[in-house]
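Q: Mind having a look at this structure? Questions to follow.
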Amino acid sequence: MDAQDSNELKPDLMSFSKTMQTLSNPLNSSVAAQSESFLEIRDISKVYPTPGGDFVALDGVNLTVKEGEFICLIGHSGCGKSTLLNMVAGFHQPTSGMITLHQKPITEPGPDRMVVFQNYSLLPWKTVFENVYLAVDAVYKDKSKGEKKAIAQEHIELVGLTEAADKRPGEISGGMKQRVSIARALSIRPEMLILDEPFGALDPITREELQEELLSIWREHRVTVLMITHDIDEALFLADRLVMMTNGPAAKVGEILEIPFSRPRMRSRLMEDPRYYELRNEALDFLYRRFAHDEIEE
Ligand code: ADP
Ligand code: MG
């Protein structure tokens, strides 16, 4: 478990430090126009060169996301969800097609799009406070040390970790580590929060708690969320729309479910709504009948 954790830490830390290197860009103004085309994914493909020839992971992916929307992305393992999110984050470029934010092509990571990974990607030798402060310090060049400390503390408080601020990642639970990642991402006021199966490694109770926290943060911060999940119930609880991807190779958006439940949402109320089961069945039908996948997960 530990060995696997440290293996998985590396690519995310690399992605994170890549973000940090580009964080010196001026912050995008958050008075973004209420344009319909906040994020546009237009006809993109992604081809990976492999020793056995080109592998077409995605082909003809289209999606328009409105400002402030909460989008969940679901699809079988290996269909290309992370590939798509990494291009929105700016870590990779599409092979063809274009992704734009406010009509500007995404060419690199930036502080307007912060990513939260499943395996936390915290610096293990830094405390909770220092992990958050690092991001704040990299972005807010003009603020004083005191102001930056206050911003870091405020976001640590937002996720309920004030008491643990001086602990290191090895001394806190998985749920707490994921709270730190979320605090760090939010501390620099991104326009988009991009989450790649953020709660996948957590126990069900912690997962539900964090889902609720994420919803209230999303409401208060008016951030646009793009989140990959494996869990249909999680998506139905959180999302405005559930984007379901077809299987790869050459995966694309297969179907989009509008989630009509009013907000704020209460889990127990949703469970009583007959539409909940209709949507759930539709998603299950898509994933396990129309795009059933019998390969063993890697
Ligand atoms: P998901 O996140 O949906 O599980 P990924 O986006 O990680 O899927 O991967 C999509 C497909 O692309 C998989 O078949 C994977 O093996 C392949 N793939 C991902 N990254 C690379 C890479 N760097 N080189 C070659 N193939 C890759
Ligand atoms: Mg993935």
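Q: Which of (1) at pLDDT 95 or above; (2) more than 30 Å from GLY78 (Cα to Cα) does MET192 not meet, given it meets every other one?
A: Of (1) at pLDDT 95 or above; (2) more than 30 Å from GLY78 (Cα to Cα), only one is false for MET192: (2).
Q: Across region 72-95, what is the total count of residues that are within 11 Å of ligand 1 (Cβ to nearest atom) and either of a type in the set (Ser, Thr, Tyr) or in a strand (DSSP E or B) (or both)?
A: 5
Q: Which number in (1) open to solvent by 20 Å² or more (accessible area, probe 1.4 Å); (2) not in a strand (DSSP E or B) marks the one condition that ARG42 misses?
A: With respect to (1) open to solvent by 20 Å² or more (accessible area, probe 1.4 Å); (2) not in a strand (DSSP E or B), ARG42 is out only on (2).
Q: Let me ask something else. Run down PHE261, PHE286, PHE237, PHE291 and say which single residue is over 15 Å from the mean Cα position of the chain (by Cα), at pLDDT below 95 and among the aromatic types (Phe, Trp, Tyr).
A: Going through PHE261, PHE286, PHE237, PHE291 in turn, the sole match is PHE291.
Q: For region 37-48, does any single residue satisfy the condition of being more than 17 Å from the chain's Cα centre (by Cα), within 16 Å of ligand 2 (Cβ to nearest atom) and at pLDDT 95 or above? Explain how you work it out, then say what you get.
A: In the first step, residues of region 37-48 are kept if they are more than 17 Å from the chain's Cα centre (by Cα); the result is 37, 42-48.
Add one more test, that the residue is within 16 Å of ligand 2 (Cβ to nearest atom), and what stays is 46, 48.
In the following step, the residues that additionally are at pLDDT 95 or above were identified as 46, 48.
Taking every residue of region 37-48 in turn, at least one turns out to be more than 17 Å from the chain's Cα centre (by Cα), within 16 Å of ligand 2 (Cβ to nearest atom) and at pLDDT 95 or above.
Q: What pairs come out if I take residues in region 131-149 that are closer than 21 Å to ILE182 by Cα and without any contact (Cβ under 8 Å) to a residue 12 or more places away in the chain and pair them with residues that are in a helix (DSSP H, G or I) and open to solvent by 60 Å² or more (accessible area, probe 1.4 Å) whose C-beta lies under 8 Å away, six or more apart or interchain?
A: Close Cβ pairs (under 8 Å, with a partner that is in a helix (DSSP H, G or I) and open to solvent by 60 Å² or more (accessible area, probe 1.4 Å)) do not exist here.
Q: Shifting gears a bit: Of (1) over 16 Å from the mean Cα position of the chain (by Cα); (2) open to solvent by less than 30 Å² (accessible area, probe 1.4 Å); (3) closer than 18 Å to LEU158 by Cα, SER187 satisfies all except one. Which?
A: Of everything listed in (1) over 16 Å from the mean Cα position of the chain (by Cα); (2) open to solvent by less than 30 Å² (accessible area, probe 1.4 Å); (3) closer than 18 Å to LEU158 by Cα, SER187 misses just condition (1).
Listed here are the residues, each with its yes/no results for (1) on the phi > 0 side of the Ramachandran plot; (2) in a helix (DSSP H, G or I); (3) out of contact with any helix residue (DSSP H, G or I) (no Cβ under 7 Å at 6 or more places or on another chain); (4) touching a residue at least 60 places away in the same chain (Cβ under 8 Å).
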{"site": "MET176", "(1), (2), (3), (4)": "no, yes, no, no"}
{"site": "ILE205", "(1), (2), (3), (4)": "no, yes, yes, no"}
{"site": "GLU212", "(1), (2), (3), (4)": "no, yes, yes, no"}
{"site": "VAL225", "(1), (2), (3), (4)": "no, no, no, yes"}
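Q: Considering only residues of region 70-86 that are under 30 Å from PRO264 (Cα atoms) and small (Gly, Ala, Ser), which is farthest from ligand 2 (Cβ to nearest atom)? Reasoning before the result, please.
A: Just the residues of region 70-86 that are under 30 Å from PRO264 (Cα atoms), to begin with: 70-76, 81-82, 84-86.
If we keep only those that are small (Gly, Ala, Ser) too, we end up with 75, 82.
On the way: GLY75: 9, SER82: 3 Å.
Selected residue: GLY75.
The values are calculated or read from the model by the stated rules, or taken from the named source; none is laboratory data. If you're wondering where the values come from, they're calculated on a predicted model, not measured in any experiment. All Cβ positions, even for glycine, are placed from backbone atoms using ideal geometry, and neighbour counts span all protein chains on display. Heads up: the accessible areas ignore ligands, DNA and RNA and are worked out on the full protein's heavy atoms, side chains in. Shrake-Rupley method; radii C 1.70, N 1.55, O 1.52, S 1.80 Å.
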